[in-house]
Amino acid sequence: MRTLILANGEEVQVKCLSCAITGGLVEPEGGVICETEYFHAHQDVAYPIPGLVILASKRHITCLDELTEEERLDYITVMGRIRAAQREKLGIEHVYYFYNEDTTHHFHIWMVPRYDWMKAFGRSVESLRPAMLHARNELNTDDNREIVHTGIATLRKALSIPK
Ligand SMILES: [Zn+2]
């Protein structure tokens, strides 16, 4: 169990942070980007990279092969819609995706936009972790957080249009 402090100051005990977020008990900073029957998208603002999206399953599973047929279809469909919104609304040309099954949370994929400044941390996927740490440690400025929050709102608006 983990103890979480809600926005209203109330303390709650949760078994799984991902379940608490996808189930709506805990509101992630910036709010929900979009939600489907089986998935929930938000941004982890601890890594203030505009347009970064975490897409998590609502069901408490960890491995890709645990998805049902319906969940698989929902997953790839909503991920494609998010990707299109990143491109059309935020001008994001490339996205890196990563997903690990030995997570301490549960099934969630990171959709990390590739920005030019990340090239300073290496080529391709080798730069991913250093770039994210750089964002967390150096880009947590008021100005950048505002850009991140605007990005969240832009994606939410784009994705709220019915399918
Ligand atoms: Zn869970």
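Per-structure values
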read-out: The chain: DSSP helices with Cα axial extent of at least 27 Å and average Kyte-Doolittle hydropathy no lower than -1.0; value: 69-90
read-out: Residue-span extension gain [residue 35 to residue 89] - 0.36 nm each, minus C-alpha spacing; value: 17.6 nm
read-out: Exposure ranking of 25, 73 by accessible area [1.4 Å probe, largest first]; value: 73, 25
read-out: Percentage, to the nearest whole number, of Cα pairs in the range 61-130 over 16 Å apart; value: 58
read-out: Gaussian network model of the chain, Cα within-10 Å springs - most flexible of 104, 150, 36; value: 104
read-out: GNM result for the chain, Cα springs below 10 Å: residue of 87, 59, 123 fluctuating most strongly; value: 123
read-out: Accessible area expressed per residue, the range 4-163, with surrounding protein chains retained (probe 1.4 Å, Å²); value: 55
read-out: Residue 160 - accessible surface, heavy atoms, 1.4 Å probe, Å² rounded to 10; value: 80
read-out: Local net charge near residue 101, Cβ-Cβ under 10 Å (Lys/Arg +1, Asp/Glu -1); value: -3
read-out: Lys, Arg +1 and Asp, Glu -1 on Cβ, resulting dipole of the range 20-127 about Cα centre, debye, nearest 20; value: 480
read-out: Global form of the range 100-163, assessed from the alpha-carbon gyration tensor, a/c cut-off 1.5; value: oblate
read-out: Dipole axis of the chain (+1 Lys, Arg; -1 Asp, Glu on Cβ), positive-most option in 22, 9, 55; value: 55
read-out: Charge context of residue 48, other residues only, Cβ under 14 angstrom, K/R +1, D/E -1; value: -4
read-out: Total formal charge among the other residues, if their Cβ is under 15 angstrom from that of residue 144, Lys/Arg +1 and Asp/Glu -1; value: -4
read-out: Cα-based Rg / Dmax (Å) for the range 9-63; value: 11.5, 34
read-out: Convex hull projection area averaged over all views, the range 1-134, Cα basis, nm²; value: 8.7
read-out: Protein accessible area in the chain, 1.4 Å probe - carbon and sulfur %; value: 52
read-out: Kirkwood-type radius of the range 39-82, with distances r between different C-alpha atoms, in Å; value: 11.5
read-out: The chain, relative contact order [Cα under 8 Å, separation at least 6], %; value: 26
read-out: Estimated vicinal HN-Hα couplings, Hz - the range 10-22 in sequence order (Karplus 6.51, -1.76, 1.60; Gly, Pro = x); value: 6, 9, 10, 9, 10, 7, 8, 5, 4, 5, 5, 6, 5
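The values are calculated or read from the model by the stated rules, or taken from the named source; none is laboratory data. Predicted, not measured: the structure shown is a model, and the values here were computed from it. Glycine gets a Cβ as well: all are built from the backbone with ideal geometry, and neighbour counts include every protein chain shown. The protein model used for the area step is the full one, side chains on, heavy atoms only, and it has no ligands, DNA or RNA in it. Shrake-Rupley method; radii C 1.70, N 1.55, O 1.52, S 1.80 Å.
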